[in-house]
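Report on the following structure.
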Amino acid sequence: MAYGRVALVGAGPGHPGLLTERARALVEQADVVVFDRLVSPRLLMHAKPDAALLYAGKAPGCHALAQREIEAMLVDLARHHGLVVRLKGGDPLVFGRGAEEAAALREAGVPFELVPGVTSAVAVPAFAGIPVTLRGVSRSFAVATGHAGDGLRAHLDALAGAETLVLLMGVAELPRIAEELRARGVSPDTPAAIVAWGSRAKQRSLRATLATLAAEAERRGIGSPAVIVIGDVAADASLGSWFEAMPRFGERHLLFASSMREALAHAAKLEAEGAEVLAHTWDRAQSVRLAELEAAVSMSAQGKPVGFAFRTALGVEMWFCAVQRAGLDLRRLSSLKLAAVDGYVTQVLRDGGLAPDARSLGEMARMPVEVWFAEVPGSGRDADVEAACRASGAEVRPLHLLGPRLAPAVPPRWQPFVRAWRDIVAEWLAEGPADLWALGDPALLRPLADDVGMGGEPLRRADAFGLAAAEAVCGA
Ligand code: SAH
């Protein structure tokens, strides 16, 4: 049987900037993404809208998948899909069982690629301002698992000699580890730090000493997943709290947008100031269809006076795609009229080098065209636009760019692990309060808020926040 391929990909500790270029490219191309508990949902925003997202942790009502089952899952998925991305927190080979998964794939004859990731062992301390090596202070660092089952104690003799000791999965065993290190001559006054949820909005960090860290962390409710650093570097102040001091650190923003491309461009601006961002979009909630638009675009290329009324950034983006796919040059579309019903959409058109001929329903009604193609995103306000188009004397043809989302074609055995985007977003929302933004007309985007259980909450217009439309560039 022909196999697709699997990429074993490190996702880093969560911050979107710590995803490697190769990792991002693979997530963008993946037909299926199998992700872990520690993978930030933000990274899944890069997936194709119709990619299947499978959670390899606990499924609702099921136990967590055993390692052997995950391996069987990857082999089986590769039989049914072109590219399967196995996305793992940090680096796949640092306590990530990536080697076991690679061995299972090799044994089954499945081609695979391995993409190293930014490991939390180094990056999480860095996000809390702790360098793992430091000239004159620490020339070595050891990374160990603090997991009780992994025979840490037998190795503590060697580890006690490292100038910096980094522990992953060490929260539960921390009191015992501290005791054992002290028994091996490590001073109780040795600086020690713990950093939970490093690089995420919920990052919490604490600096103390070997003697006080466990109790202090418990008192402050700083728990797993966390990286523990023991050694003089844990008291170093060179970096300060650079990440936690960013202007928007700790803020969480949920963007409702018509297109994920728009949402990603806006996310970048907020993230540059330290915020965490997630988005729910029309192209994730529904499937996108180009066929009607392509037919309409080729009609406008024949020189007929034709108009397009856009209500969403997605509509504009898809229009540019249709123009590109038809092999057209914009200069040939001189008899074309364009209308953007909303200020946000106007900006999207302008970013694409086009100025709308009409920016209101009244202006639209005065445009002399034969046919109006009016984008119908499926909200109650469609009738107004249709009426305005009709008042111009033109025929009105609705453009249905969205259709019901089809369930991804994953083999039945793995169906229980498929996660809908709306559920992933709803889970993220359940973790803490978030600001809700509409990138475009809030009335149009309201159904997306309903979709993630935020129906009753007010949506702020993104332009009120100084966020203008993103560049409307078109991929292939
Ligand atoms: N392969 C991963 C480690 C997997 S083991 C890597 O290279 O980072 C899981 C442990 O990693 C957690 O128990 C915790 O100790 C650490 N970890 C991973 N991501 C983390 C994060 N964002 N913040 C704090 N600790 C993290």
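The values are calculated or read from the model by the stated rules, or taken from the named source; none is laboratory data. Quantities reported herein were computed from a predicted structural model and do not represent experimental measurements. Every residue, glycine among them, receives a Cβ derived from its backbone with ideal geometry; neighbour counts consider all protein chains shown. These area figures cover heavy atoms from the full protein model, side chains too; ligands, DNA and RNA do not enter into them. Shrake-Rupley method; radii C 1.70, N 1.55, O 1.52, S 1.80 Å.
Round to a whole angstrom and tell me the spacing of the C-alpha centers of the stretch 15-93 and the stretch 285-350.
34
Suppose a student asked you for the relative contact order of the stretch 122-235, using Cα pairs under 8 Å spaced at least 6 residues apart; what percent would you report? Spell out each step's value before the answer.
Numbers: 219 pairs, mean separation 36.0, N = 114.
Taking the mean separation of contacting Cα pairs over the length of the stretch 122-235, I get 32 percent.
What distance in nm separates the two pseudo spin-label positions at Ala148 and Asp450, each 7 Å out from Cα along the beta-carbon direction?
The modelled label-to-label distance comes out at 5.0 nm.
Give the accessible surface of the stretch 5-118 per residue, rounded to a whole number of Å², with probe radius 1.4 Å and ligands, DNA and RNA excluded. Before the final figure, lay out each step's value.
On the way: 4430 Å² over 114 residues.
For the stretch 5-118, the solvent-accessible area averages 39 Å² per residue.
Which FRET efficiency, nearest 0.05, do Lys269 and Asp382 yield, Cβ-Cβ r, R0 25 Å? Before the final figure, lay out the partial values.
Details: r = 31 Å, r/R0 = 1.23.
For Lys269 and Asp382, the calculated efficiency is 0.20.
Where a ≥ b ≥ c are the square roots of the eigenvalues of the C-alpha gyration tensor, would you call the stretch 288-402 rounded, which needs a/c under 1.5, or, failing that, prolate if a/b is larger than b/c, or oblate?
Details: a/c = 1.32, a/b = 1.19, b/c = 1.11.
Since a/c stays below 1.5, the shape of the stretch 288-402 is classed as rounded.
Suppose all protein chains stay in the model; what accessible area per residue would a 1.4 Å probe give for the stretch 288-402, in Å²?
Working: 4810 Å² over 115 residues.
Counting only protein heavy atoms, the per-residue value for the stretch 288-402 is 42 Å².
Heavy atoms only, probe 1.4 Å: what % of the accessible area of the stretch 213-325 goes to carbon and sulfur, would you let me know?
Values: 2040 of 3940 Å².
Summing carbon and sulfur atoms, their accessible area is 52 percent of the total for the stretch 213-325.
So what is the 222 nm mean residue ellipticity for the chain from helices alone, if each DSSP H run of at least 4 adds -39500 (n - 2.57) and you divide by all residues, rounding to the nearest 500 deg cm²/dmol? Mind showing how you got there, number by number?
Working: 16 runs with 151 residues, N = 476.
Calculated mean residue ellipticity at 222 nm is -9000 deg cm²/dmol.
Between the alpha-carbon centers of the stretch 376-427 and the stretch 216-267, tell me the distance in whole angstrom.
Each part's Cα centre sits 35 Å from the other's.
Spin-label point model (7 Å from Cα, Cβ direction): what's the Arg97 to Gln29 distance in nm?
2.7
Using the Cα centre of the chain as origin and beta-carbon charges of +1 (Lys, Arg) and -1 (Asp, Glu), tell me which of Leu8, Ala192, His253 is placed farthest towards the positive end of the dipole.
Leu8
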